[in-house]
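Take a look at the structure set out below.
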Amino acid sequence: MAAAADPNPKDAEPGEPAAEASAEEEYEEEEEDEEEEEEELDGPAAGEELDGPAAAAAERKKVKAVFSRLSSDPVGIRVHDVIIKGNAKTKEELIEAEVAELLRAAATVQDLLRNASIASARLRRLDVFDSVNITLDAGPPELPGTTNIVIEVVEAANPITGNAGIYSKPEARSWSLEGSLKLKNLFGYGDIWDASGAYGWDQTSEVGIGVSLPRFKSIPTPLMARASLSSQDWLKFSSYKERLLGLSFGLLSTMQHDLSYNLTWRTLTDPSQVSSKSIRRQLGHNLLSALKYTYKIDQRNSHLRPTKGYTFLSSSQVGGLWDSKGLRFFRQEFDVRGAVPLGFYNTALNVGLGVGAILPIGRGFMNLSSSVPDRFYLGGHSSPVCSLSGLSSLLGFRTRGIGPTEPRRLVPSESDDGSAASPGRDYLGGDLAVSAFADLSFDLPLKLFRDAGIHGHAFVTAGNLAKLSEGEFKKFSFSDFGRTFRSSAGVGIILPTKLFRVEVNYCYILKQAEHDSGKTGIQFSFSSPL
């Protein structure tokens, strides 16, 4: 009893041994958990070999464990080095400038995987590599939590590429042969040299050479320079021919923003000598110095046949930065479109609205004349759905087929009575333009057509032009402008082929003015997919 009552010196602090035992047990449990995780990640224990289904199951278990860990919590990581392979010709500093900063900015494995995907897309956009592969390798053993990024590129096997296509404008009864040739990465800086040419039967011809750089020294945006010589025949529509000799410089180019400067020597001539008074006043030589800014967002799922998404384009141009008489103007254009899927037969509704205006710059600007080639024109058979190049198309009407006109000069004929034949009229374009369309595209019921991409559509288009310069703004009325809108409707079939994109449309003119050139009937449109 007394012995039992006497305190045992070993039990003087009974809580400490219990606490130590508990800590040892927890530590052993943690070690067991870590061993289990290592087994999951490292596979079977040493000396244990698996083959066949067992090896595949172990590999799946390992991958599942890795993904489970990555999906549960952010895993910290630091990029130790970026290693570039395969760039026999491309300068290493170009690749580093494009992606190194982006990759080093990642603080977690999740961020690094995301940034690696963006970096891969950036390198592919340079258009000088056949393939790009980015892998994550373990960093030095003495630096835990680090990784080395290996970028392996395959340079283009053939640095020279080219294409050619045939384009048709049935409403103008003209064809054009167009082609281009590119030489990629000549000096290893991602530089692309190109030459292009176009020859149109009885309408247009153009030759041009240019070079583009993805970046120059510390400038982070692509740069472009181009020289071109072109001629455009507008005798059938506006009684003049246009010849342009120019230089263009791309100053800023990103996914959404584009800034360019153009210096062009423009010559307008009238070989027919029957042009209207408004056209004759603008014949001759002019120097056009213009700065153009374009902002574009395109979230459509396809450019050829959009079924969902939207797009917006804003284009601003200031002409006459040098004091060139008649070529000082400000031109603004907006274009917005949207596509909504309807959920049956791949049907989608596309709608669009475009607005544009041009004003001369100078004292008494509203009484000055705007430049005829820079005005807005409506008409033509090109699809308003596919391209995003501003105001132009109005199905059912000839190119430059609506808007203000003026009679051409009367020229006595060589007939015996000396009477003058009707000279026709010149289309002068508009200082204010508005156009809109609605297009319902749908699959055709036959599987053969669906497999070939052949589909149908029904459409409604409308638009109008008005002259505001030379004091005409005083006569302008919004009610009259809305009342004189031209419009057309129709249905058609679109046939994509290897050589052409063919549209066969039946157009019905709903409304046109006295001197407009619109026609109800079957109309064809050909364009090259290249």
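The values are calculated or read from the model by the stated rules, or taken from the named source; none is laboratory data. Predicted, not measured: the structure shown is a model, and the values here were computed from it. Counting neighbours? That spans all protein chains shown, and the Cβs are built from the backbone with ideal geometry, glycine included. Just so you know, the surface numbers come from the protein's heavy atoms only, side chains and all, with ligands and any DNA or RNA stripped out. Shrake-Rupley method; radii C 1.70, N 1.55, O 1.52, S 1.80 Å.
Compare the peptides 92-100, 302-310 by average per-residue count of other Cβ atoms within 10 angstrom and give them in order, highest first.
Working: 92-100: 18.0, 302-310: 16.3.
The packing order, highest mean first, is 92-100, 302-310.
Leaving ligands, DNA and RNA out of it, report the carbon-plus-sulfur percent of the accessible area of the range 179-337 at a 1.4 Å probe.
On the way: 5360 of 8470 Å².
C and S atoms contribute 63 percent here.
With both partners inside the range 70-155, how many of the DSSP beta bridges are antiparallel, as a percent to the nearest 5? Mind showing how you got there, number by number?
Details: 10 of 17 bridges.
Beta bridges within the range 70-155, antiparallel portion: roughly 60 percent.
Under the criterion of Cα pairs below 8 Å and six or more residues apart, the relative contact order for the range 70-155 equals 41 percent.
For VAL75, the residues 5 or more places off, or on other chains, whose built amide H falls under 5 Å of its own are VAL109, GLN110.
Could you tell me the calculated FRET efficiency between LYS519 and VAL491, based on Cβ-Cβ distance and R0 = 22 angstrom, to the nearest 0.05? If you can, show how the numbers build up before the last one.
Numbers: r = 16 Å, r/R0 = 0.74.
About 0.85, to the nearest 0.05.
Close amide H partners of ASP516, meaning residues 5 or more places away or on another chain with modelled amide H under 5 Å apart, do not exist here.
For the range 70-155, with all protein chains in place and a probe radius of 1.4 Å, 49% of the accessible heavy-atom surface sits on carbon or sulfur.
If you take the square roots of the eigenvalues of the alpha-carbon gyration tensor of the range 70-155 and sort them as a ≥ b ≥ c, do you get rounded (a/c under 1.5), prolate (a/b over b/c) or oblate?
Numbers: a/c = 2.38, a/b = 1.68, b/c = 1.42.
Since a/c reaches 1.5 and a/b is larger than b/c, the shape of the range 70-155 is classed as prolate.
Label separation (VAL340 vs LEU353): 1.4 nm, computed from points 7 Å beyond Cα along the C-beta direction.
Taking only protein heavy atoms and a 1.4 Å probe, what accessible area per residue, in Å², does the range 70-155 have with all protein chains in place? Let's see the in-between values first.
On the way: 4630 Å² over 86 residues.
The answer is 54 Å² per residue.
Say the cut-off is 22 Å between C-alpha atoms; which of LYS89/LYS182; LYS296/LYS511; LYS91/LYS184; LYS182/LYS308; LYS236/LYS292 go over it?
Numbers: LYS89/LYS182 17 Å; LYS296/LYS511 32 Å; LYS91/LYS184 13 Å; LYS182/LYS308 33 Å; LYS236/LYS292 29 Å.
From the list (LYS89/LYS182; LYS296/LYS511; LYS91/LYS184; LYS182/LYS308; LYS236/LYS292), the Cα-Cα distance tops 22 Å for LYS296/LYS511; LYS182/LYS308; LYS236/LYS292.
In this simple spin-label approximation, LEU186 and LYS475 carry label points 7 Å from Cα along the Cα→Cβ vector, and these lie 5.4 nm apart.
Approximating the spin labels as points 7 Å out from Cα along Cα→Cβ, the LEU263-to-LYS277 distance works out to 3.8 nm. First measure r as the distance between the Cβ atoms of VAL75 and GLU152, then evaluate 1/(1 + (r/R0)^6) with R0 = 25 Å and state the FRET efficiency to the nearest 0.05. Step by step, r from the Cβ atoms, then E = 0.55.
A full extension of the chain between SER131 and ALA97 corresponds to an added length of 10.4 nm, given 0.36 nm per residue minus the alpha carbon distance.
Note on ARG425: accessible area is roughly 80 Å² with a 1.4 Å probe, heavy atoms of protein only.
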